[in-house]
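Chemist: Sharing a structure, written as structure tokens. Questions coming.
The values are calculated or read from the model by the stated rules, or taken from the named source; none is laboratory data. What you are looking at is a predicted structure, and each value in this text was computed from that prediction instead of being measured. As a convention, Cβ positions derive from the backbone with ideal geometry for all residues, glycine included, and neighbour counts pool all protein chains shown.
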């Protein structure tokens, strides 16, 4: 609430300047205020808000805490993507909300080392991702266009090692992959309720099939 009070004060200051005749036409009618940067300072002279244009032409709004550390940043990138970034008390980004140029909406949660660890994305279908401290995606949960839910787990080399899926016909299965990401075993239940298991060699050839036909 305090942040929005500060933002509201900044708007009042700017509007007051316009009404006072800043940038007005010769006829005394309010027109346009033009600047490269607007700053909001508190009673001690500390910058608490800044609205400016970055060198690459990106408009940016930043709000600072009492220690002059950025806590909120809003911008529109050169490709038109709007972005909102929330920072912690150490001025490290911890939450990033963006809508990409292709229409994908994304939300990321970052750890105290500014490494993205949780990601959510949505364009046509949703995707949820968990990332380890080395930046490797280890768990993916998604929903395909036909409504099929999928769950995948990856090793530290990002090779898929386990996958679970429920097909549109109601059948469910769990696939186990080797270190190269090749499926070696599938355990499932068919739509009609029949269980089964399939084992495959490293070339994908079925060597044992029980229940699945």
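Chemist: Scan region 75-94 residue by residue and report those that are in a loop (DSSP other than H, G, I, E, B) and either surrounded by 15 or more Cβ atoms within 10 Å (Cβ to Cβ) or free of Cβ contacts under 8 Å to residues at least 24 places away in the same chain (or both).
Modeler: Matches in region 75-94: 77, 78, 79, 80, 81, 90, 91, 92.
Chemist: Inside region 147-157, can you point out the residues that are exposed (fewer than 13 other Cβ atoms within 10 Å of the Cβ) and either under 23 Å from residue 106 (Cβ atoms) or in contact with a helix residue (DSSP H, G or I) (Cβ under 6 Å, 6 or more places away or on another chain) (or both)?
Modeler: Once the filter is applied, which keeps residues that are exposed (fewer than 13 other Cβ atoms within 10 Å of the Cβ) and either under 23 Å from residue 106 (Cβ atoms) or in contact with a helix residue (DSSP H, G or I) (Cβ under 6 Å, 6 or more places away or on another chain) (or both), region 147-157 yields only 147.
Chemist: When the residues of region 40-66 are narrowed to those that are part of a loop (DSSP other than H, G, I, E, B) and in contact (Cβ under 8 Å) with a residue 12 or more places away in the chain, which ends up farthest from residue 114 (Cα to Cα)?
Modeler: If we take residues in region 40-66 being part of a loop (DSSP other than H, G, I, E, B) and in contact (Cβ under 8 Å) with a residue 12 or more places away in the chain, then 42 is farthest from residue 114 (Cα to Cα).
Chemist: With 16, 30 as the choices, which residue is at pLDDT below 95 and either part of a strand (DSSP E or B) or in contact with a helix residue (DSSP H, G or I) (Cβ under 9 Å, 6 or more places away or on another chain) (or both)?
Modeler: 30
Chemist: Taking residue 186 and the conditions (1) surrounded by fewer than 12 Cβ atoms within 10 Å (Cβ to Cβ); (2) in contact (Cβ under 8 Å) with a residue 24 or more places away in the chain, which numbered condition does it fall short on, given that it satisfies the others?
Modeler: Of (1) surrounded by fewer than 12 Cβ atoms within 10 Å (Cβ to Cβ); (2) in contact (Cβ under 8 Å) with a residue 24 or more places away in the chain, only one is false for residue 186: (1).
Chemist: So how many residues does region 43-74 have that are more than 21 Å from the chain's Cα centre (by Cα) and exposed (fewer than 14 other Cβ atoms within 10 Å of the Cβ)?
Modeler: 13
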